[in-house]
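Just so you know, all these numbers are worked out from the coordinates, no wet-lab data involved. Model, not experiment: these values are computed from the prediction. A quick note on method: Cβ atoms are made from the backbone with ideal geometry, for glycine too, and the neighbour counts reach across all protein chains shown.
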Amino acid sequence: MPPTPARLHAVALALLALVLASAASATEDELFYTFNQSPLVQIYGLPAMGSAVVLAPGQRRFQVAYEIANTLIAESRRDEFLVLDGESRRLTMRFAFSPRPGTELGLEVPYVSYDGGFLDSFIENWHNAFGLPNGDRDRFPQDSLTYYYRRGSEALVDITTPASGIGDFRLTGAHQLVIDPRASNVTLRASLKLPTGDAEELLGSGAADLAVWLVAGCGRERCGEVGWQAGGGVLWLGKGELLPDQQYRLVAFGSAGAEWRALPAIALKAQLNAHTPFYSQTDLTPLGDVSIQVVLGGTWTVSRRLALDLGVTEDLLVHTAPDVSFLVALRTYF
């Protein structure tokens with residue numbers, strides 16, 4: 001019997017309880033664990049940027065990240081027609097450890113689900129309250145699921161049935177290149193996504209992807225209460241099962257963020273995520289345009305070993321990402 005979301009949630013909480021019983025160690029600053037949650041993008045190995053500082057030797061990190069994204073996009077150009085109407089949820093369990101100085105290894109296991117969701121009425125009421133346009137939302141019923149893409153006379157994507165299951169696992173690694181609390185820190189990171197999810201249900205891409213990137217950040221002694229991190233790299237895509245004839249094999253990506261420690265335990269954060277298109281031979285914005293998202297939120301450092309991240313993501317370049325997504329991520333160190 002395949003695992004259900006309730007079982008995955010229970011496992012995550014049990015693992016977290018075991019972690020919290022371990023010895024304390026200090027947390028590190030890092031960018032939000034989030035990337036474009038478009039159903040036609042999140043299947044690939046687009047990574048979250050991570051921290052500019054690797055774990056200390058012998059240190060381990062466990063994180064449970066939960067993101068819910070609501071999308072309603074309808075576009076037509078020439079012989080193309082696209083509808084992305086639905087809600088996705090991604091629960092990711094991340095584990096990383098440092099086997100020796102300057103090195104970090106890890107594993108990410110996601111559980112992905114799609115359905116009509118429940119946020120449509122909230123979003124439309126929010127728009128109405130502030131006099132904002134609802135766009136395509138007035139044309140579609142609330143809380144419905146339709147992922148549809150037609151090119152010419154052929155429907156290349158046609159999903160109207162909810163789906164859920166294990167997504168594509170990721171193996172991660174990092175090497176510290178520069179560490180200087182009085183200046184800047186630089187880390188080389190890499191991620192290998194494995195095709196463990198069901199590509200037909202958009203739980204994975206059906207191919208392996210490799211991402212390599214650099215992350216830099218300001219040392220605490222230099223920046224004090226105001227810090228920054230930024231990074232960028234390239235993603236090599238294996239030939240997946242979704243739109244294989246239109247898929248690019250190389251995608252560039254980057255993130256930049258700033259934080260202000262308003263209180264000793266509270267850091268307010270703003271972040272930009274960007275990437276080049278994943279698909280060619282298309283005039284549709286969600287498929288063929290550069291995407292930029294803005295993330296606003298903060299981190300509550302509960303203790304030296306525990307931190308809670310809360311973030312809200314909006315599509316800064318409209319229709320290149322979900323309308324809105326909400327992130328809750330709890331990480332601990334032991």
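Worth pointing out:
- Per-residue ³J(HN,Hα) for the range 63-74, Karplus 6.51 cos²θ - 1.76 cosθ + 1.60, θ = phi - 60°, Hz, x for Gly and Pro: 9, 10, 10, 10, 10, 10, 10, 10, 10, 8, 10, 9
- Farthest toward positive dipole pole in the range 5-333 [+1 Lys/Arg, -1 Asp/Glu at C-beta], among Y33, T160, L55: L55
- Rounded to 0.05, the FRET efficiency of the L188 and Y148 pair, given R0 = 41 Å and the Cβ-Cβ distance, is 0.55.
- As a proxy for reagent exposure, ranking Y66, Y279, Y333 by other Cβ atoms within 10 Å from fewest up yields Y66, Y279, Y333.
- Fewest-first sequence of H175, H275, H127 by Cβ atoms within 10 Å of each Cβ: H175, H127, H275
- Of the peptides 33-45, 183-195, 160-172, the order by per-residue mean of other Cβ atoms within 10 Å, starting with the highest, comes out as 33-45, 183-195, 160-172.
- Using the Karplus relation 6.51 cos²θ - 1.76 cosθ + 1.60 with θ = phi - 60°, the per-residue 3J(HN,Hα) values for the range 80-91 come to 10, 9, 9, 10, 10, 10, x, 10, 10, 10, 10, 9 Hz, with x marking Gly and Pro.
- Backbone phi angles across the range 272-289, fed through the Karplus curve with coefficients 6.51, -1.76 and 1.60 (θ = phi - 60°), yield HN-Hα couplings of 10, 10, 8, 7, 7, x, 9, 10, 10, 6, 8, 9, 8, 4, x, 9, x, 10 Hz in residue order; Gly and Pro are listed as x.
- Whole-Å semi-axes of the ellipsoid equivalent to the range 5-333 (Cα gyration tensor, √5λ, descending): 33, 21, 19
- Exposure proxy ranking, count of Cβ atoms within 10 Å, fewest first, for E124, E200, E259: E200, E124, E259
- Compared with the dominant Cα axis of the chain, that is its longest principal axis, helix 5-20 is turned about 10°.
- Taken over the range 201-322, the percentage of Cα pairs per 5 Å bin, counting from 0 up to the bin with the maximum distance, is 2, 10, 15, 18, 18, 13, 10, 8, 5, 2, 0.
- Seen against the Cα atoms of the chain and their longest principal axis, helix 120-129 is set at about 90 degrees.
- Here the label points at V212 and A258, each 7 Å from Cα along the C-beta direction, are separated by 3.2 nm in the simple model.
- When only Cα pairs below 8 angstrom with a gap of at least 6 residues are kept, the chain shows a relative contact order of 19 percent.
- Rg [Å, one decimal], Dmax [Å, integer] - the range 258-334, C-alpha atoms: 15.9, 50
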